[in-house]
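Peer 1: My questions will all concern the structure given below.
The values are calculated or read from the model by the stated rules, or taken from the named source; none is laboratory data. What you see is a predicted model; the values in this text were computed from it and never measured. Reconstructed Cβ throughout: ideal geometry from the backbone, glycine too, with neighbour counts over all protein chains shown. All accessible areas refer to the heavy atoms of the entire protein, side chains included, with ligands and DNA or RNA removed. Shrake-Rupley method; radii C 1.70, N 1.55, O 1.52, S 1.80 Å.
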Amino acid sequence: MSSKGSGGASLLNRRFRRLSAGPVGAGLLLGLLYAGVVLPYPGPSAAQETTGMNISFRELQVDDQTLRGFNPTLDVWVTPPGGSLAGDGALNLFFVPSPLLGPPSSMTISLNNAAVWSGSLDNLGGSRQALRVPLPRELLRSDLNRVNFQFLLRLLDDDCRTPDNAARYVTLFRDSYLGFEPEEVETVAADLLQFPLPFLSASSPLTPINVVVPDSPRSEHLTAAAQFAARIGRSAGPTTPNLVLLRSGSATPARMASGHVVLVGTPEEIPWFAQAHEELPVRWLSDPRGAWVSTEGIEVDQDDGLVAIGRSPWNRLRGLLAITGARPEGISKAGAALAAGTVGGVGRGAVAVVPQMPGPRAISSTLGSSLGFTLADLGHRSTTLGGQGTHRFGVTFTAGMPDPSRPATIELLTVHSGIMDVERSSSAVNVNGTSIGSVALDASTASFGRSQLSIPAGLVRPGVNSLSIDFTLHLPQQTECGPLAEERAWVSLLSSTKVSIPQVSGAALDLEAYPYPFVHNRVLNNVALLLPEAEAEQEGALGVAAELGRWAQQDASSLIAGTRGQLADSELARRHLVLFGTLSGSEAVSQAAPRLVGALFDRTRPLERLGLIAIAPSPWQVDRAMLVVSGAGPDLLPAATAALATRNLSGTALFVARDGRPIPVPAAADSEAAESAAPSRPALSPILIASIAVGALTVGALLLGAFRRD
């Protein structure tokens, strides 16, 4: 435990001693601690509405959808949870077709451009329907999956002259969901192509993942461990992975057998490698240099990183992963490759050599600058939508802290058919369910269309927003209901379509914008995770890295981790910071946020009841942000981490109950929390000052009376 941490704890103790200086002051203190404050609970978040391995349309920001026209389509994009690739998935669809639909009305469902189901929509009577469609394992991807719905809608006695007939519709409901079925795993396949299997599995989503580092880990070890956790979080979906950070000397055979094992370091640093040796496709040469050699006898370069997978020797039903290298530089390369996705899930084999660091995505870290991103930045390729009718493309994005007084813009880039009915075809753009403009798809934009649309000031909100683009495509009208040559109606939405959002000037911060600025549009944004020195508190620290990775679907390789003494001030000054730990267990928390943590707990409830999450400007650089995940004791740190997964965060600080439920902080305390990182001298609250004053006067009066009696 550091002297800084002890100082932070002593500050609280001194305040309590001052409060009890006199009888009246003691009474006020007891009143403050035990009166209790009833604060409203804002209710469950959307992320809590589904359980297990199910992901609802609502969680994917897809609301109830009514589709109209001859051939409307809808795309739903989903990233599968970690166990999704263990077996087949399933689409559970709830919908209502128009009761006036007749033959040959139909619906076709495709997964990643491969049709998986078709069926008739006539004679269904207009009642709510439930449909379950298997999603073959062979078609599922580990990153983004496209589920496409294509409809052919014909009315009874249809003459095909009125494509916009109000009765020509089908409605899909937001409680539809994609389920990923558990699959019993009796053996563990040693193949990096299947990563993150077996470490995430639908059959056992809460199996511990024991990440073992040396007894005296360097920043390179902790960074690689955090990057692995971020990669696991990226694939975990709605589940919370059970990650445990262990020092090699604290691990036991029973603990190693309790779950999967990840060894981060070299055999000289981690003795457990001796038992894992037979399960890995490489061996260690313990000569003066120390080197890894493949089973074919090829020596791995001293500076290269190495990622190897096998079965755990402590439990044959669990997995083993080695993140290693002959030198610290190699370990850094191996961890970064996992975080960037260049290793794991992209190539077959049980071992991967990493000769160089992956190039992290370049993103501006400065608060208050304008945010700009393309659909490609969000992981979407250029998409072609075809057929007569209305086709919707939807996506979600994080907006940081948008300036409510300035409009945002979207530059819509398209290419479309020139032989469809260009007089009636158009596109309409919606942000957060509000239409912001329409663009004609006419002859002038057929070869290439560039349209600049303004998003009204205040419409884009902090945090997660939705963008949808409806393309309505028409064919030339015909006199009878014959073949429509649907291939003539198409539009391509280019991935270079760009959104620009002006930001609030200065370092305006609010938890409502989380995960911004730490994650911006699925890329981790130059973040340093500051771990506590206390070993017991470190065990749960990887949960925060996994939570950041949940949002960083594109790249998490810029994440670094270490204790306060391992990361230089110059490194901290150029990064956003995440501080994890208690006042007494973390030097970083006691140094950078003693008032943020101590003063808040000093005000409302008994210390043992609460965790805390708070955001403030970084004390190392005011145009960077600092997120504090803390608690009155180590037992509350998991609850504070769990609170980050909810979507009902707001303000600069929130208390957290033991069950992970965020509790709003009273305005006065919240205001002080926002200023807590300033280098000014700590201030005392009016109540505390009054208590001290009354106590001091009482003690003074007693002493004066005693003096006079003498």
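Peer 1: Can you name the residue in the stretch 491-510 that is surrounded by 18 or more Cβ atoms within 10 Å (Cβ to Cβ) and over 22 Å from residue 431 (Cβ atoms) and is also modelled with the highest pLDDT among such residues?
Peer 2: If we take residues in the stretch 491-510 being surrounded by 18 or more Cβ atoms within 10 Å (Cβ to Cβ) and over 22 Å from residue 431 (Cβ atoms), then 509 is modelled with the highest pLDDT.
One line per residue, one yes/no per condition, for (1) in a strand (DSSP E or B); (2) open to solvent by less than 60 Å² (accessible area, probe 1.4 Å); (3) of a type in the set (Lys, Arg):
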residue	(1), (2), (3)
124	no, yes, no
130	yes, no, no
141	no, no, yes
147	yes, yes, no
157	no, no, no
160	no, yes, no
167	no, yes, no
170	yes, yes, no
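Peer 1: Those residues that are touching a Gly at 6+ places or on another chain (Cβ under 6 Å), open to solvent by 10 Å² or more (accessible area, probe 1.4 Å) and not in a helix (DSSP H, G or I), I need them from the stretch 524-551; list them, please.
Peer 2: 534, the sole residue that qualifies.
Peer 1: Output the residue which, of all residues in the stretch 202-225 that are polar (S, T, N, Q) and either part of a loop (DSSP other than H, G, I, E, B) or open to solvent by 10 Å² or more (accessible area, probe 1.4 Å) (or both), is modelled with the lowest pLDDT.
Peer 2: Here the answer is 203.
Peer 1: Turning to a different aspect of this structure: Which ones in the stretch 270-286 are of a type in the set (A, V, I, L, M, F, W, C) and more than 35 Å from the chain's Cα centre (by Cα)?
Peer 2: Listed by number, the residues that qualify are 274, 284, 285.
Peer 1: Moving on. When both residues are 6+ apart or on different chains and their Cβ atoms are under 9 Å apart, which pairs have a first residue that lies in the stretch 225-252 and is aromatic (Phe, Trp, Tyr), and a second that is assigned to a helix (DSSP H, G or I) and crowded, with 20+ Cβ neighbours inside 10 Å?
Peer 2: Sorted first by the residue in the stretch 225-252, then by its partner, the pairs are 228/335; 228/338; 228/339; 228/542; 228/545.
Peer 1: Also, I was wondering about something else. With the requirement that a residue be outside any loop (DSSP other than H, G, I, E, B) and either surrounded by fewer than 23 Cβ atoms within 10 Å (Cβ to Cβ) or over 20 Å from the mean Cα position of the chain (by Cα) (or both), what does the stretch 556-569 give you?
Peer 2: Pass one, the stretch 556-569, residues outside any loop (DSSP other than H, G, I, E, B): 560-562, 564-566, 569.
Answer for the stretch 556-569, where residues must be outside any loop (DSSP other than H, G, I, E, B) and either surrounded by fewer than 23 Cβ atoms within 10 Å (Cβ to Cβ) or over 20 Å from the mean Cα position of the chain (by Cα) (or both): 562, 564, 565, 566, 569.
Peer 1: Any residue in the stretch 226-238 that is open to solvent by less than 20 Å² (accessible area, probe 1.4 Å), touching a Ser or Thr at 6+ places or on another chain (Cβ under 8 Å) and either at pLDDT 95 or above or in a strand (DSSP E or B) (or both)?
Peer 2: Yes.
Peer 1: Restricting to the stretch 454-467, name every residue that is open to solvent by less than 20 Å² (accessible area, probe 1.4 Å) and either assigned to a strand (DSSP E or B) or basic (Lys, Arg) (or both).
Peer 2: 455, 465, 467
Peer 1: Yes or no: residue 297 among the small types (Gly, Ala, Ser), surrounded by fewer than 16 Cβ atoms within 10 Å (Cβ to Cβ) and more than 30 Å from residue 180 (Cα to Cα)?
Peer 2: Yes: the conditions hold for residue 297.
Peer 1: Given the criteria within 20 Å of residue 560 (Cβ to Cβ) and in a strand (DSSP E or B), does residue 307 qualify?
Peer 2: yes
Peer 1: In addition: Mind checking which residues of the stretch 391-408 are crowded, with 18+ Cβ neighbours inside 10 Å and either among the aliphatic types (A, V, I, L, M) or part of a strand (DSSP E or B) (or both)?
Peer 2: Looking only at the stretch 391-408, we keep the residues that are crowded, with 18+ Cβ neighbours inside 10 Å, and these are 391-395, 397-403, 407-408.
Once the filter is applied, which keeps residues that are crowded, with 18+ Cβ neighbours inside 10 Å and either among the aliphatic types (A, V, I, L, M) or part of a strand (DSSP E or B) (or both), the stretch 391-408 yields 391, 392, 393, 394, 395, 397, 398, 399, 401, 402, 408.
Peer 1: Counting just the residues of the stretch 310-349 that are of a type in the set (D, E, K, R) and at pLDDT 90 or above, which one comes out farthest from the chain's Cα centre (by Cα)?
Peer 2: 327
Peer 1: What's the number of the only condition in (1) out of contact with any Pro (no Cβ under 8 Å at 6 or more places or on another chain); (2) among the small types (Gly, Ala, Ser); (3) open to solvent by less than 10 Å² (accessible area, probe 1.4 Å) that residue 444 fails to meet?
Peer 2: (3)
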